[in-house]
Each structure stands twice: as C-alpha cells, then as structure tokens.
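Below is one structure, written out as structure tokens, with a few remarks after it.
The values are calculated or read from the model by the stated rules, or taken from the named source; none is laboratory data. These numbers come from a predicted model, not from an experiment. Quick reminder, even Gly has a Cβ in these numbers, built from the backbone with ideal geometry, and neighbours come from all protein chains shown. Surface areas here come from the heavy atoms of the whole protein model, side chains and all, with no ligands, DNA or RNA. Shrake-Rupley method; radii C 1.70, N 1.55, O 1.52, S 1.80 Å.
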Amino acid sequence: VMAARKAKELAGEFAVIADVITVPQGHETAVETALGAGVQDIITDTVAQAKGAIEFLKTNRAGRATFLPLDKMRPSSERVTGRMDARSGILGIAADLIGYDSKYDRALRSLLGRTVIVDNIDNAGAASGQLRGWNKIVTLEGELIVPSGAITGGAAKNKGPKLLIRKQEIESLTKQIAGIERESASLHKMAESAEAVLADIRSRLAAAEQSLAERRIELAEHEKRADFSNREAERIAKEEAQARAAA
C-alpha cells in the first residue's frame with residue numbers, strides 16, 4: 001500500500017503505526033507487545049481511502065492489511081481507573097507514554113488508550129487486580145495480561161530485532177552519523193585553517209630565508225670592502241714610513 005501510494009497508484013494519505021509513534025528507550029518491547037500485529041496497521045484520513053486501498057490489495061492479490069480511518073475511529077469512552085502508583089511499578093497508559101502527532105490521536109487511543117505498562121510480571125499481576133477499565137497490561141520485557149486472566153510470556157524463537165527496536169536503532173544511528181558528520185566538518189574546517197596558517201608560515205619563512213641570503217651577500221660585500229680598505233691603509237702607512245725614513 002505504501003509503495004502504491006508513493007507510485008501514485010493510490011490516492012490519499014497513508015501512515016503505518018510503527019512510523020508515526022516515538023517510543024521511549026526501554027519501552028519498545030512493551031509497546032510492540034501491546035500493539036501486536038497492529039504495529040503495521042495503516043492509518044488513513046477517511047473510510048473512502050481505506051476502501052480504495054483494500055480494493056487495490058484485492059485486485060492485485062497483494063495481501064491483507066488493517067486500516068484505521070480517522071474519520072470513523074471511535075476510541076472507547078471507558079478509562080482506566082485506580083491508583084497508578086510508580087512505586088507499584090505502574091509506568092502509565094501506553095498512549096500517554098509514547099509520542100505522536102495529535103492528528104493520529106483517535107487511532108492511537110483506540111489501540112493503546114486502555115493499555116497499562118508495568119515494570120515487571122509481579123507488579124503486572126497486582127495491577128490487574130487494583131485497576132479497572134484496562135484491556136491489556138504489558139511489562140517492559142513483553143509479558144501480557146488480558147482481562148480474562150490469561151498471561152502470555154516467554155522467549156520468542158525469532159531473535160531478530162522488532163520493528164520498534166529497529167526503528168529506535170535507526171534513529172540512534174542516524175543521530176550518531178549526523179554527529180560524526182558535524183565533527184568531521186569541524187575537523188575539516190580546522191584542517192583547512194591550519195593549512196592556511198602553515199602556508200602563511202612557509203611563505204614568511206621563504207621570505208625570511210631570501211632576506212637572510214641577501215643580507216649575507218651584503219655582509220660578504222662589506223667584509224670584502226673592509227678587507228680592501230685595511231690593506232690600502234696598511235700600504236699607505238708603509239709608504240709614509242718609508243718616505244719619512246728617506247727624508
């Protein structure tokens with residue numbers, strides 16, 4: 001569906017749940033467990049857009065998808081009640097803990113408005129008894145409790161990264177790359193400045209060496225003249241001495 005939208009084969013706005021939410025670090029597993037397959041649900045602005053996308057999938061035998069049309073989404077009016085005490089390990093309602101554009105509030109409230117995130121399985125069990133109105137309680141490690149009393153947990157066979165964790169890693173690496181690029185640009189600028197200073201020093205050094213060579217030539221010329229003057233003075237003095245002796 002997203003590829004078809006990009007290729008302009010589908011009209012309307014489409015957004016995947018995983019792409020529109022920002023999850024605090026450490027909460028990725030809990031939120032993805034709460035969403036389940038819903039992490040790949042597609043938000044549309046209207047029912048008509050959702051119907052168009054479904055017809056596209058049917059015509060092209062391109063699989064199935066769940067659509068959340070914002071103009072028809074009706075989040076439950078029921079709210080989770082009871083004391084949500086952080087000291088009891090209750091971190092809050094999932095929809096309140098994640099970040100997203102207010103445009104998608106109906107969709108996210110429908111999916112996560114009655115989901116409680118708790119730190120561990122023991123506190124999840126306690127919360128299930130003291131809270132009312134919830135439909136899911138999930139832990140940071142991915143255990144899940146539903147109102148019937150069923151508990152889901154364990155280790156998944158697939159050890160590959162989850163969508164939200166992968167998204168978090170991509171965002172983190174993107175920030176690191178941007179930081180490295182800024183640092184590289186700064187170092188490059190410093191290197192250019194240092195090269196300019198070095199070129200100036202080399203130019204001044206060359207000028208100083210040229211001046212020194214000229215001064216050495218002048219000094220040699222002065223020494224040559226001084227030597228000649230000394231010899232002339234000695235010659236004249238000698239001639240004067242001989243002249244006096246003859247007189």
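Could you pull out every one of the aspartates and glutamates with an alpha carbon less than 20 Å from that of residue 136, ignoring same-chain neighbours closer than 8 positions?
28, 32, 41, 78, 85, 96, 105, 119, 122
For the chain, give the share of DSSP beta bridges that are antiparallel, in percent and rounded to the nearest 5; count only bridges with both residues there.
65 percent
Ignoring ligands, DNA and RNA, what percent of the accessible area of segment 2-63 is carbon or sulfur (1.4 Å)?
Carbon-and-sulfur percentage of accessible area, whole number: 51.
How long are the semi-axes of the equivalent ellipsoid of the chain, taking √(5λ) for every eigenvalue λ of the Cα gyration tensor, in whole Å from largest down?
The equivalent ellipsoid of the chain has semi-axes of 89, 26, 14 Å.
Given the options 145, 130, 113, identify the residue whose Cα lies farthest towards the positive end of the charge dipole of segment 112-177 (+1 on Cβ of Lys, Arg; -1 on Cβ of Asp, Glu).
113
Return one number: the angle in degrees, 0 to 90 and rounded to the nearest 10, between the long axis of the Cα atoms of helix 121-130 and the longest principal axis of the Cα atoms of the chain.
50 degrees
Share of segment 128-247's accessible area from carbon and sulfur, percent, 1.4 Å?
Carbon and sulfur atoms account for 57 percent of the accessible area of segment 128-247.
If you average the sequence gap of Cα pairs under 8 Å that are 6 or more apart and divide by the length of the chain, what percent do you get for the contact order?
Computed over the chain, the figure is 16 percent.
Whole Å is fine, so just give me how far the alpha carbon centre of segment 1-17 lies from that of segment 55-129.
First find each Cα centre; the distance between them is then 24 Å.
Return the long-range amide H neighbours of residue 43 (sequence gap of 5 or more, or a different chain), with a cut-off of under 5 Å between placed amide H atoms.
Sorted by chain and number, the residues that satisfy this are 15, 16, 17, 68.
If the cut-off is a Cα-Cα distance under 20 Å, which lysines reach residue 8, setting aside same-chain residues fewer than 8 apart in sequence?
Correct list for residue 8: 51, 58.
At 1.4 Å probe radius, can you tell me the per residue accessible area of segment 1-122 in Å²?
Averaged over the residues of segment 1-122, the accessible area is 55 Å².
P(r) for segment 107-195: what percent of alpha-carbon pairs falls in each 5 Å bin, starting at zero?
The distribution over segment 107-195 is 3, 11, 14, 14, 12, 11, 7, 6, 6, 5, 5, 4, 2, 1, 0, given as percents.
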